[in-house]
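I have placed the structure first, in the form of structure tokens, so that the comments after it can refer back to it.
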Amino acid sequence: MNVLGIETSCDECSAAVVRDGREILSNVIATQIELHKPYEGVVPELASRLHTEWIAQVVQSAIAKAGLTNDDIDAVAVTNRPGLLGSLLVGLNFAKGFAATLNVPFITIDHIRAHLYASQIEHPLEYPYLGVLVSGGHTVICRVEGYDQIEVLGTTIDDAIGEAFDKVAKHYGLGYPGGVVIDRLSKNGNPNAFLFPGAGLNKGDHPYDISYSGLKTAVINQLDKFWDGESEKSPENISASFQRTAVGMLLKRVRLALDDTKLVRISAGGGVAANSLLRSELKNMEKGGFEVSFPSLKLCTDNGAMIAGLAYRYLSDGVRSGFDETASARVSAFKKNYP
Ligand code: ATP
Ligand code: MG
Ligand code: FE
């Protein structure tokens, strides 16, 4: 089954064809990064306009790169939540029109579930496993029992981890998008140059919850003292020290959750799963007997292949969406299991 996956939730206009949920025939990602760069962040109005201009070409190019024609597409899947509403609507409506024209099954996909699922396309793990979803808007530690069976154990109570990377980079004028830049600068920095406060574990009922706002503020407050000629206050050292703390805070909760749940498999996903320190630390856990899986770099940030991959699971279980399905800027399926 050739599933066309369309993703336009933010500033990536992407379409992919995945065969039988495993074989990525194409994964075209047209990024708008350069066009949002002057504003140091995604401008929603601009994003939806660009998706409108690009979507038809991106989809046709994904089908051509797969070596297929429209008639070879067996189902159409599209992100309908969460994200920028105007951007989501462009992909959603294009997907509906495409599915209707081809007269093939149509399904809408929760983008966050797709980030979490992405690693399973290339390196499937046996269930259950500990899911670590780290992206621009989400930070979730969860117990994954099946592609659609997810129990949220902890989340951020304020900023997402990717958001913290982006905001720190923005305040220091390091470049855009922030996560990638901080990762790169860190390679030449001393991670112990600054001791930033990494929030300790919560003592209460929600030990796996996490807060990034305090760390972000502490790092940003170094700004006044920045560029004063002292070599340790280099962008490289600030980046490396921040990254070490941000990743360390996450791993502390991951280890605690592994201890408590006795899970022996771990899978990460989302844009921050592209972070080289996080990847190497997770990889190291294999020495402790854990089985670790994370997506290849292209499948970490927003892409159509993860949408098509997850859609294949739903479609195989007979799930379909109607053409009255709409988009939603916020997630409803990914709430905590407690109030
Ligand atoms: P969400 O998926 O939560 O709706 P999003 O789609 O904007 O948000 P993603 O596309 O998953 O998020 O990832 C983008 C985020 O990943 C950005 O915050 C970016 O800075 C971060 N990121 C990308 N590469 C890296 C990296 N190498 N190190 C750290 N962060 C990174
Ligand atoms: Mg993006
Ligand atoms: Fe995303």
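When G137 is tested against the conditions (1) closer than 27 Å to E53 by Cα; (2) at pLDDT 95 or above, the lone failure is (2). The set of residues in region 152-168 being in contact (Cβ under 8 Å) with a residue 60 or more places away in the chain, of a type in the set (A, V, I, L, M, F, W, C) and more than 15 Å from ligand 3 (Cβ to nearest atom) consists of V152, L153, A164, V168. Just wondering, is there one or more residues in region 290-310 that are at pLDDT 95 or above, of a type in the set (D, E, K, R) and within 30 Å of D259 (Cα to Cα)? Yes. Search region 316-339 for residues being under 21 Å from the mean Cα position of the chain (by Cα) and surrounded by 12 or more Cβ atoms within 10 Å (Cβ to Cβ), and hand back the single one that is modelled with the highest pLDDT. Per the criteria, the residue is A327.
For A257, state whether it is in contact with a Pro (Cβ under 9 Å, 6 or more places away or on another chain), away from ligand 1 (no atom under 16 Å from the Cβ), assigned to a helix (DSSP H, G or I) and touching a residue at least 60 places away in the same chain (Cβ under 8 Å). Answer is yes for this residue. Of all residues in region 124-144, none satisfies being buried (at least 24 other Cβ atoms within 10 Å of the Cβ), within 14 Å of ligand 1 (Cβ to nearest atom), closer than 18 Å to C13 by Cα and in the same structural domain as Y312 (by TED's automatic domain parsing). Among the residues of region 71-124, those that are of a type in the set (V, I, T) and either modelled with pLDDT under 95 or in contact with a strand residue (DSSP E or B) (Cβ under 9 Å, 6 or more places away or on another chain) (or both) comprise I73, V76, V78, T79, V90, V104, I107, T108, I109, I112, I121. Residues in region 104-149 that are among the β-branched types (V, I, T) and within 16 Å of ligand 3 (Cβ to nearest atom): T108, I109, I112, I121, V132, V134, T139, V140.
Among the residues of region 11-37, which ones are within 11 Å of ligand 1 (Cβ to nearest atom), surrounded by fewer than 24 Cβ atoms within 10 Å (Cβ to Cβ) and in contact (Cβ under 8 Å) with a residue 40 or more places away in the chain?
Pass one, region 11-37, residues within 11 Å of ligand 1 (Cβ to nearest atom): 11-12, 14, 29, 31, 33.
The next check asks that each one be surrounded by fewer than 24 Cβ atoms within 10 Å (Cβ to Cβ); those that pass are 12, 29, 31, 33.
Scanning region 11-37 gives E12, I29, I33.
Taking the criterion of being farther than 15 Å from L116 by Cα and part of a strand (DSSP E or B), the only residue of region 267-299 that qualifies is E291.
Scanning region 170-196 for residues that are touching a residue at least 24 places away in the same chain (Cβ under 8 Å), in contact with an Asp or Glu (Cβ under 9 Å, 6 or more places away or on another chain) and within 14 Å of ligand 2 (Cβ to nearest atom) returns Y176, P177, G179. Taking first residues from region 84-107 that are farther than 12 Å from D324 by Cα and partners that are of a type in the set (S, T, Y) and in a helix (DSSP H, G or I), the Cβ contacts under 6 Å between residues at least 6 apart in sequence or on separate chains come to G86/S48; S87/S48; V90/S48; V90/T52.
Considering (1) more than 16 Å from ligand 1 (Cβ to nearest atom); (2) assigned to a loop (DSSP other than H, G, I, E, B); (3) out of contact with any Ser or Thr (no Cβ under 9 Å at 6 or more places or on another chain), the lone condition that G41 does not fulfil carries the number (1). Residues in region 286-305 that are among the aromatic types (F, W, Y) and surrounded by 22 or more Cβ atoms within 10 Å (Cβ to Cβ): F294 only.
The values are calculated or read from the model by the stated rules, or taken from the named source; none is laboratory data. This one's a predicted model, so the numbers in the text were calculated from it and none came from an experiment. As a convention, Cβ positions derive from the backbone with ideal geometry for all residues, glycine included, and neighbour counts pool all protein chains shown.
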